[in-house]
Amino acid sequence: MDYRTSMESSETLRNKCAACYRQFNKMEHLVEHMKISYHSGHEPTCGVCKKHCRSFESLREHLIGPLPKQECKNIFSLRGCRFCMAILESPNARRIHQERCQFSSVNSGLATRMAALGLRDKSMIDNTSSRSPRVVALSCKMVGGGSDGSLDICARVCITDESENVVFHTYVKPSMPVTSYRYETTGIRPENLRDAMPLKQVQRKIQEFLCNGEPMWKIRPRAGKARILVGHGLDHDLDRLQLEYPSSMIRDIAKYPPLMKTSKLSNSLKYLTQAYLGYDVHYGIQDPYEDCVAMMRLYTRMRYQKHKIEAYPLAADAQNRSNQVAWRQSEVERMSPNEMLSISRSDYYCWCLDSLA
């Protein structure tokens, strides 16, 4: 290797991203990359080589995909948990960990819970109780309206807490004629909706429960009384319920970047439950309680990740403006890749921050 080749190789290494390990010919190209990549300690990271990945799907590809990094694949195959993607100290530690990390299906206790519930409205948990839930999951089941039955009409709602207890459950009286009950997946029959709770009453009960005594305009993500709402495709569910709720209080599994596909499209709840919890849902009749449990388990798995604590963790925080939002080209180009990574911030709200609230 001649002197020029050696210098070019050294320069390329200096221009290597400290997070995703992409290499650039010029420092200004690395700086541009860091401006738009929003690398941070909240990204899924390989436990072997410490490479940052944009989502758990890209991390999975890095470890066990069609073209994995061989060294990482070898170690992961011996000591890696296929659910949370962590690397354990030994194969035996992996076995013990994975037994705890894999959840069991809720189907076994579902019939008993629903029988006790009586498939009717259940009283709200007392908002003054110290055990009143801070986080709840909501799931709806839709029947079909319109001439071809393709118009979604909310016909059943379930809300659960973090302990997988049913907080609220009811059938919903349709506001328009039902042309398809979609029984094969919903299990809903005409008699279930005949004396069901009217939509307006369902709206009022859910709204009051979520707001928990706070006016909608006053709701704030931290230190307030309003509840965090977990779901999958919540925009659609809230639209069918004709409900509004602040986006800062919504945790949508379908839109959470670490759980999305590498193409930035949503993964189905069925896939996420199988891949990250280790059991199957959505076989035959789909129960909203089962969906709520799966969504809450996915949320808590994401919330309890251990990430570096930062004073201002989001790129949008005003306090970061002098660092990341308005990168000063001349100053940043003098930084090392690790120094650039240290001032870089995430462009999404990591759910681990909920555990600090």
- Note on region 267-290: residues among the polar types (S, T, N, Q) and assigned to a helix (DSSP H, G or I) are T273, Q274
- Of the numbered conditions (1) part of a loop (DSSP other than H, G, I, E, B); (2) open to solvent by 90 Å² or more (accessible area, probe 1.4 Å); (3) modelled with pLDDT of 50 or more, S130 fails exactly one; give the number of that condition. (3)
- Task: Identify the single condition in (1) more than 23 Å from L59 (Cβ to Cβ); (2) touching a residue at least 24 places away in the same chain (Cβ under 8 Å) that I250 does not satisfy, given that it satisfies every other one.
- Result: (2)
- Item | First in region 208-224 and touching a residue at least 24 places away in the same chain (Cβ under 8 Å) and part of a loop (DSSP other than H, G, I, E, B), second anywhere and of a type in the set (K, R) and surrounded by 10 or more Cβ atoms within 10 Å (Cβ to Cβ), Cβ under 7 Å, 6 or more apart | N212/K225; N212/R227; G213/K225
- Scanning region 226-247 for residues that are in contact (Cβ under 8 Å) with a residue 24 or more places away in the chain and assigned to a loop (DSSP other than H, G, I, E, B), the one nearest to S175 (Cα to Cα) turns out to be Q242
- Task: Inspect all residues belonging to region 280-302 and state whether any of them is open to solvent by 40 Å² or more (accessible area, probe 1.4 Å) and under 17 Å from the mean Cα position of the chain (by Cα).
- Result: yes
- Query: Of all residues in region 254-263, which are open to solvent by less than 20 Å² (accessible area, probe 1.4 Å) and either over 11 Å from W351 (Cβ atoms) or in contact with a strand residue (DSSP E or B) (Cβ under 7 Å, 6 or more places away or on another chain) (or both)?
  - Reply: A254
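The values are calculated or read from the model by the stated rules, or taken from the named source; none is laboratory data. No experiment lies behind these values; they were computed from the predicted model shown. With ideal geometry, Cβ positions are generated from the backbone for all residues, glycine too; neighbour counts draw on all protein chains shown. Please note that ligands, DNA and RNA were not included when accessible areas were found on the heavy atoms of the full protein model with its side chains. Shrake-Rupley method; radii C 1.70, N 1.55, O 1.52, S 1.80 Å.
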